[in-house]
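Asks: For reference, the structure I am asking about is given below.
Just so you know, all these numbers are worked out from the coordinates, no wet-lab data involved. Everything numeric in this text was worked out from a predicted model, so none of it was measured. All Cβ positions, glycine included, derive from the backbone under ideal geometry; neighbour counts span all protein chains shown.
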Amino acid sequence: MHNAREVDMASAPEFVGVVQGLAQRAGLPMPRVYLIDDDHPNAFATGRDPDHAAVAATTGLLAMLTRDEVAGVMAHELAHIRHRDTLVMTMVATIAGAISMLANFGLFVSGGDDNRGNMLASLLAVIVAPFAAMIVQMAISRQREYGADRGGAEISGNPRALASALAKISNGA
């Protein structure tokens, strides 16, 4: 989707070496490593479990940050893998979608009833239920990010570099 290209020790030795060292330090299998040709600083991790994981970073991120800061960011991404955040967030999104669908279904089921109170309650449920599901999803997402920050600081062993990277990235955005 992002035109990422897989890299290895031959094509991106410094970047892959950083990820490899961090994965060993974290006790994780080596994930597949990708580069995305994009000036915007960004990185992400994906995969349902550590054995099927991948990490990616943009060329803009690598150009903007020092080696230690890149290590902090990639440690953050490896913490997402360690905590299986992709799987957790997929499940949360599925549950939130199911809640929204059930709320919409409830509106159609009660639609034939002439009772205005039931119709108003159903309409309110259709509006409130998806909103509540979205709030829960956002809260869990934020919690996962804080956990990845903590895990990234532990994995990298250099929390100041991660903090510096996050400040540069937020200023760059």
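Asks: Here is a check on your reading of the model: is Thr59 farther than 30 Å from Ala129 by Cβ and in contact (Cβ under 8 Å) with a residue 60 or more places away in the chain? I'd like the intermediate steps shown before the answer.
Replies: Details: farther than 30 Å from Ala129 by Cβ: yes; in contact (Cβ under 8 Å) with a residue 60 or more places away in the chain: no.
Criteria not met by Thr59.
Asks: Next up: Give me the residue from region 1-20 that is part of a loop (DSSP other than H, G, I, E, B) and crowded, with 18+ Cβ neighbours inside 10 Å and, out of that set, farthest from the chain's Cα centre (by Cα).
Replies: Going through region 1-20, the residues part of a loop (DSSP other than H, G, I, E, B) turn out to be 1-4, 8-12.
From what's left, crowded, with 18+ Cβ neighbours inside 10 Å: 4, 12.
On the way: Ala4: 17, Ala12: 24 Å.
Selected residue: Ala12.
Asks: State which residue pairs qualify: first residue over 22 Å from His40 (Cβ atoms) and inside region 146-173, second residue of a type in the set (Lys, Arg) and not in a loop (DSSP other than H, G, I, E, B) in any location, beta carbons under 7 Å apart, and separation of 6 or more residues or different chains.
Replies: Going by the 7 Å Cβ cut-off, the qualifying pairs are Gly151/Arg82; Ile155/Arg25.
Asks: Would you confirm whether any residue within region 33-52 is under 18 Å from the mean Cα position of the chain (by Cα), of a type in the set (A, V, I, L, M, F, W, C) and assigned to a loop (DSSP other than H, G, I, E, B)?
Replies: Going residue by residue through region 33-52, those that are under 18 Å from the mean Cα position of the chain (by Cα) are 33-36, 40-52.
From what is left, the residues that are of a type in the set (A, V, I, L, M, F, W, C) are 33, 35-36, 43-45.
Still in the running and assigned to a loop (DSSP other than H, G, I, E, B): none.
No, there is no match, as no residue in region 33-52 is under 18 Å from the mean Cα position of the chain (by Cα), of a type in the set (A, V, I, L, M, F, W, C) and assigned to a loop (DSSP other than H, G, I, E, B).
Asks: Sort out which residues of region 53-79 are among the β-branched types (Val, Ile, Thr) and either under 13 Å from Asp149 (Cα atoms) or over 13 Å from the mean Cα position of the chain (by Cα) (or both), and write them in order of number. So that I can check it myself, show each step before the final result.
Replies: Keep residues of region 53-79 that are among the β-branched types (Val, Ile, Thr), which gives 55, 58-59, 66, 70, 73.
Within region 53-79, Thr58, Thr59, Thr66, Val70, Val73 qualify.
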